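Here, each number is a calculation from the coordinates, and none is a lab measurement. Keep in mind the model is a prediction, meaning the values are calculated, not measured. Note: ideal-geometry Cβ built from the backbone for every residue, glycine included; neighbour counts use all protein chains shown.
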Amino acid sequence: MNDKTPVAAIDGWYTLDTEAPALLGSRCDKCGTYFFPKQFTYCRNPHCDSTDFTEVQLSRRGTLWSYTNACYQPPEPFVAPDPFEPYAIAAVHLEEEQMVILGQVADALTVEDLKVGMPMELVLDVLHPDPEGDKLTWKWRPAGAAA
Amino acid sequence: MSQNEIAIIGAGMTQWGKWGKNFAEYGVAAAREALADAGVPWQDVRFVSGGATVRCGYPGYVAGATIAQALGWQGAEVNTSYAACASGSQALAAARTKILAGHCDVALVVGADTTPKGFLAPAKGYRPEDPDWVRFYLGITNPTYFALYARRRMDLYGDTPEDFAAVKVKNAAIGSQNPRARYTKTFSAEDVANSAMVADPLRLMDICATSDGGAALIVSSVDYAKRIGKGDAPRVAAISTVTPSFASGTVEMPDIATDSAAAAGVEAINYRSQIPLKAYEEAGLGPEDIDLAEVYDLSTALELDWIEDLKLCERGEAARLLRAGDTAVGGRIPVNASGGLACFGEAVPAQAIAQVCELTWQLRGEAGPRQVEGARVGITANQGLFGHGSSVIVKR
């Protein structure tokens, strides 16, 4: 932690709205297919040849499709605390977008706190500290859980 | 269908392990064994088809040419296929096309790999356009995906960690009888339960390692096989290397998200199920004809998924087969009679070829203590990165 302003770990992938952050995806202007990460050059729907897309904020809430955790430290580019702390990982299904998006689980929650089908919401959290400002990423947590 | 078949007249495979030698060494050893098995001189091979790997951004080995050079240049045509875990099957498919088109009589199909220790890691730098870089940065490794699928099985079908452990126990028991396997120790359910948790619900012993190894096949036209007295050799009856269909509802390695099905709807048949479907159609055979299957058990739970994807039972029923002993050698439909990836570890460009080697030996009745009695038809299945997967049907 430091006093510099936190910055996005991956530029342009999510808003930095601390109250109600959202992932930034794109939507095909012709067929309505969503993309995350953003896609602006070709539509991957085989029935659509559109080249026009609009950036959109994706739904902040979804349901838990599946979950697991990481008990071992991943290799670089992951930046691990010392000592390494295991974390939970969620795969969350978004109703409007009809897609599943992965992410770490916030608030040091464990797999014991999770159940397939439970409502989840998106939050911003520190992925790792950095001398130029903490690097922020999206994480999931059970909807309505205390911060 | 027989006009579309080629014969497998030779098979060869090194033992799998972790020695860090040059991959060509393993490839040459496997190729020489396959040539000797076929009784075909190296000079008669007119097409060399290699499976390659491109691991997490570091350049792949030009496998076909490197191994052909190591065996001694003799003017054959050469091909290298990269298709992640399906590389070996695509190399086999290239050889089949050459043979069926009448461009050559005999081909060598070979794959070999040498692997780094631990997690397969991506290239360094800030590279958000690379999905492999993104997921590792965010802390999502290969076992994450296997664990998400395993958790779904528990949630949807009531599978338990004990079922997953039973897959390991089964595969270790039969793999201990395989001299080419890397791991030949037998394990109990308790051993699995006592191994470290990697990605809940999967433990260390539920997840396959990465290995060094080489596998090779000598394939030929059916006429050539007959001419050299091998008319009854096992035949390649089908090779499927189809892509997934949009929109896939399953999050696949290395992606951070699935397709969006908002416009197209979720695909009618999931990708893993789609791969063998085309193989069955091409072979004119069905799941009821299958005597044994070699499937990609990257995790214990994934073996159960494959059993259902191959339609060897109804969706959600694989654990019931396992518990009844149906998928063990001696059971109704043995799965991974070789010991599977659980006993071999994954040597990516060799693995799909190794699966076909096992079927070849099984169909020739040469699998010794692992023999599936009366095996006439076998199927392989695998799936890897970037929409690559394959299924091969071998029959006799």
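Quick one: would you say A:VAL116 is closer than 30 Å to B:GLU267 by Cβ and out of contact with any Ser or Thr (no Cβ under 7 Å at 6 or more places or on another chain)? It is false that A:VAL116 is closer than 30 Å to B:GLU267 by Cβ and out of contact with any Ser or Thr (no Cβ under 7 Å at 6 or more places or on another chain). Checking the stated criteria, B:PRO287 turns out to be surrounded by fewer than 24 Cβ atoms within 10 Å (Cβ to Cβ) and within 22 Å of the chain's Cα centre (by Cα). The residues on offer are B:ALA172, B:ALA237, B:ALA166, B:ALA199, and the sole one that is buried (at least 24 other Cβ atoms within 10 Å of the Cβ) and either touching a Gly at 6+ places or on another chain (Cβ under 7 Å) or closer than 21 Å to B:PRO143 by Cα (or both) is B:ALA199. Of the candidates A:GLU55, A:GLU96, the single residue that is assigned to a strand (DSSP E or B), among the acidic types (Asp, Glu) and over 12 Å from the mean Cα position of the chain (by Cα) is A:GLU55. Residue pairs whose Cβ atoms lie under 6 Å apart, sitting 6 or more positions apart in sequence or on different chains, and linking a residue in segment B:158-182 that is touching a residue at least 24 places away in the same chain (Cβ under 8 Å) to a partner that is assigned to a helix (DSSP H, G or I) and aromatic (Phe, Trp, Tyr), are B:ALA181/B:PHE344; B:ARG182/B:PHE344. When we screen B:ILE269, B:ILE218, B:ILE228 for residues that are surrounded by 23 or more Cβ atoms within 10 Å (Cβ to Cβ), of a type in the set (A, V, I, L, M, F, W, C) and more than 14 Å from every other protein chain (Cβ to nearest Cβ), the only hit is B:ILE218.
None of B:ASP206, B:ASP200 is under 22 Å from B:GLN15 (Cα atoms), in contact with a helix residue (DSSP H, G or I) (Cβ under 8 Å, 6 or more places away or on another chain), within 13 Å of chain A (Cβ to nearest Cβ) and touching a residue at least 24 places away in the same chain (Cβ under 8 Å) except B:ASP206. In segment B:123-144, the qualifying residues are those that are of a type outside the set (A, V, I, L, M) and touching a strand residue (DSSP E or B) at 6+ places or on another chain (Cβ under 9 Å), and the one that is farthest from the other protein chains (Cβ to nearest Cβ) is B:ASN142.
So for segment A:64-87 (the condition being of a type in the set (A, V, I, L, M) and more than 23 Å from B:MET253 (Cβ to Cβ)), does at least one residue qualify? Scanning segment A:64-87, I find no residue that is of a type in the set (A, V, I, L, M) and more than 23 Å from B:MET253 (Cβ to Cβ), so the answer is no. Quick check on segment B:104-120. Is at least one of its residues without any contact (Cβ under 8 Å) to a residue 24 or more places away in the chain and either more than 8 Å from chain A (Cβ to nearest Cβ) or more than 23 Å from the chain's Cα centre (by Cα) (or both)? Within segment B:104-120, none of the residues are without any contact (Cβ under 8 Å) to a residue 24 or more places away in the chain and either more than 8 Å from chain A (Cβ to nearest Cβ) or more than 23 Å from the chain's Cα centre (by Cα) (or both).
Looking only at residues in segment A:66-91 that are within 7 Å of chain B (Cβ to nearest Cβ) and in a strand (DSSP E or B), which one is surrounded by the fewest Cβ atoms within 10 Å (Cβ to Cβ)?
As a first pass, look at segment A:66-91 and keep what is within 7 Å of chain B (Cβ to nearest Cβ): A:66-72, A:74-78, A:87, A:89, A:91.
Okay, now just the ones that are also in a strand (DSSP E or B), so A:66-70, A:87, A:89, A:91.
Details: A:SER66: 26, A:TYR67: 29, A:THR68: 29, A:ASN69: 24, A:ALA70: 24, A:TYR87: 16, A:ILE89: 27, A:ALA91: 28.
Ranking the candidates gives A:TYR87 first.
When B:ILE269 is tested against (1) under 19 Å from the mean Cα position of the chain (by Cα); (2) without any contact (Cβ under 8 Å) to a residue 40 or more places away in the chain, exactly one condition is not met: (1).
Conditions tested, residue by residue: (1) buried (at least 19 other Cβ atoms within 10 Å of the Cβ); (2) under 29 Å from B:TYR149 (Cβ atoms); (3) at the interface with chain B (Cβ under 7 Å from one of its Cβ atoms).
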residue	(1), (2), (3)
A:VAL7	no, no, no
A:THR15	no, no, no
A:PRO21	yes, yes, no
A:ASP29	no, no, no
A:ARG44	no, yes, yes
A:GLU55	no, no, no
A:LEU64	yes, yes, no
